[in-house]
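We did not get these values from a lab; they are worked out from the coordinates using the rules stated. These numbers were taken from a predicted model, which means no experiment stands behind them. Note that each Cβ is placed from the backbone with ideal geometry, even for glycine, and that neighbours are counted across all protein chains shown.
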């Protein structure tokens, strides 16, 4: 608007960007008051800010989920600037997280934009009536869900130092529990194998002991007059003992048990060495959210959630509380002009449906006009077709009277 009464301020690119985010009509706002322009700048700013926060939160959540897991205290050291070989950022995952964050931010931005633009202005007063609140309830629920998805990743980033320390202690505890379980399971099997081997080794030791005694007996007999019949018996027993020892050592079952024992020992040591990696796998998004609640307390956690919920739901309540302004009246006027130009007539509360709810009657005059023209055109075409058929019939009849022989064939 530009006349002696009022001159609308010129809009900048910055303002037009925020207007577009809020779903406002630039043509109308540029002819409206400065107050209307600022209202929709603020509304668009909240929507854009929500999209940016969603992008940051989504990217951080994605990185937390898919980044390589490690000792939580290493991450803590990296944050605190302590010297070490740990690289706090996994570049490939970080790049993918940025892309995902941008996509997620765009999705939330468009959802918020749809929620706000589809929310009506209520009855045009500051008061939010029960009817308006019930009508906006689905949008409020959607906004609350979006606020939760944004607040939790931001929350775990806010308390990252405390979470890393608590998570490290939990990883150590988990590692010890895992080692204890490995020892318990592996030692049970190892003891069974060792019992079998011990029986065989005891038998071998027993045979070796007897063989030692017999060798001493043979030496004694030789030193006291020569070795006669007793030596032969001693030598035979030595041969039998040696044969039994060889049989035990070459027994396939005994060899298999020893190999199984070696494998169990190796597997046990391997699992014990890998227990740190298994415990590091505890570093997930869900675990960090749980620790954030434990470390921050439910009051602070609730406060952070409510803060983001307030930011997310403000545009919805803001629109319900808006008082009708020149922008709204001009928007309604343009809508009526467009409907009039397109031949659309609406008679409000014209009839009541079966459920007792008053409905509007919508009359599309242009459509009715085209329909009537189409019907009349079809009627005229039908009339002309009938006349053409009658004229053709009359012509054929006259032709038959003049030349009957052309229409009769002799058998």
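Summary table
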{"read-out": "Computed lengthening from residue 117 to residue 300, 0.36 nm per intervening residue step minus Cα-Cα distance", "value": "62.7 nm"}
{"read-out": "Spin-label pair residue 26/residue 107, simplified geometry with 7 Å Cα→Cβ offset, distance in nm", "value": "2.9 nm"}
{"read-out": "GNM top mover of 283, 164, 251 - the chain, alpha-carbon springs below 10 Å", "value": "251"}
{"read-out": "Cα-based helix-to-principal-axis angle, 229-250 vs the chain, degrees rounded to 10", "value": "10 degrees"}
{"read-out": "Expected 222 nm ellipticity per residue - DSSP helices of 4 or more, -39500 (n - 2.57), all of the chain, to 500", "value": "-27500 deg cm²/dmol"}
{"read-out": "Fluctuation leader among 60, 351, 27 - the chain, Gaussian network, Cα springs under 10 angstrom", "value": "351"}
{"read-out": "Label point distance in nm, residue 387-residue 90, each placed 7 Å from Cα along Cα→Cβ", "value": "8.5 nm"}
{"read-out": "Computed FRET value (nearest 0.05) for residue 253 with residue 208, which takes r as the C-beta separation and R₀ as 25 Å", "value": "0.75"}
{"read-out": "Stretchable slack from residue 192 to residue 361, in nm (0.36 nm times residue separation minus alpha-carbon distance)", "value": "52.0 nm"}
{"read-out": "Inter-label distance for residue 369 and residue 274, nm, one decimal - labels placed 7 Å from Cα along Cα-to-Cβ", "value": "7.9 nm"}
{"read-out": "Principal-axis tilt of helix 91-118 within the chain, Cα atoms, nearest 10 degrees", "value": "30 degrees"}
{"read-out": "Equivalent ellipsoid semi-axes - Cα gyration tensor, region 282-411, angstrom", "value": "77, 29, 14"}
{"read-out": "Added length on full extension, which subtracts the Cα-Cα distance from 0.36 nm per residue, residue 325 to residue 161", "value": "54.1 nm"}
{"read-out": "Highest-fluctuation residue, 105, 44, 135 considered, GNM on the chain with Cα pairs under 10 Å", "value": "135"}
{"read-out": "Viscosity 1.567 mPa s, 4 °C: Kirkwood-radius Stokes-Einstein D of the chain over Cα pairs, µm²/s", "value": "40 µm²/s"}
{"read-out": "Over region 344-407 - Rg/Rh using Cα atoms and the Kirkwood inverse-distance radius", "value": "1.54"}
{"read-out": "Nearest 10 degrees, 0 to 90: helix 130-158 Cα axis against the chain principal axis", "value": "30 degrees"}
